[in-house]
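The values are calculated or read from the model by the stated rules, or taken from the named source; none is laboratory data. Nothing here was measured: the structure is a model prediction, and the numbers come from that model. Note that each Cβ is placed from the backbone with ideal geometry, even for glycine, and that neighbours are counted across all protein chains shown.
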Amino acid sequence: MKKALLITVLIISNILAQNPFSKGNKSINLTLGSSTNFNKNYTVAGVNVNYFILDDISVGTDYKGYFGASPSIHQVTVPVTYHIPLENTTYKPYLGAFYNHTFLEKPFKNYDIYGGRIGFSIQTSINSFMSLGWVQEFGNSGDNIKNEGYPEISAGFSF
């Protein structure tokens, strides 16, 4: 009985110790939320796909659509994220940078945003995690200079 219990504990420990942020892994994050733009409320839905080019360093692409109001808004983002390796933990702080291009329905002009993010990811299983952080954006739409920050929460799956 003791051997079976010990083997079970070792197997579970090994599973939890695996890193979903390892080189070669891919991850998918889903986004669902709300936003106010042009004094109108939007529902935001999106997907983010990342590839870990090295342990704890990912590059990817992200799409978000803003639905439920006009003008239509679509965003494509290219993020780079570094998950800081910590020993014997199920969480990892992260730092990231990104470039974003926002497509707006005419007569509005498309614009670019640059920014960064900081937060932490918590490993919830062998191949899934949740992240909580802060995003800071900087941009110029031609009509106004944008400098805003907001919290982000996401759930991801690594494979």
- Query: Across the range 85-116, what is the total count of residues that are more than 21 Å from TYR66 (Cα to Cα) and charged (D, E, K, R)?
  - Reply: 2
- Quick one: which residue in LEU54, LEU16, LEU6, LEU10 is over 28 Å from LEU104 (Cβ atoms), more than 16 Å from the chain's Cα centre (by Cα) and at pLDDT 85 or above? LEU54
- Task: Could you list all residues from the range 73-90 that are loosely packed, with under 15 Cβ neighbours inside 10 Å and either under 22 Å from PHE103 (Cα atoms) or hydroxyl-bearing (Ser, Thr, Tyr) (or both)?
- Result: VAL76, VAL78, THR89, THR90
- Message: Looking at the structure I just gave you, is TYR111 among the aromatic types (Phe, Trp, Tyr), buried (at least 17 other Cβ atoms within 10 Å of the Cβ) and either more than 17 Å from the chain's Cα centre (by Cα) or over 20 Å from LYS26 (Cα atoms) (or both)?
- Response: yes
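Among ASN37, ASN48, ASN25, ASN29, which is touching a residue at least 40 places away in the same chain (Cβ under 8 Å), more than 21 Å from GLY133 (Cα to Cα) and surrounded by 14 or more Cβ atoms within 10 Å (Cβ to Cβ)?
Values: ASN37 fails: touching a residue at least 40 places away in the same chain (Cβ under 8 Å); ASN48 fails: more than 21 Å from GLY133 (Cα to Cα); ASN29 fails: more than 21 Å from GLY133 (Cα to Cα).
None of the other options fit; the residue is ASN25.
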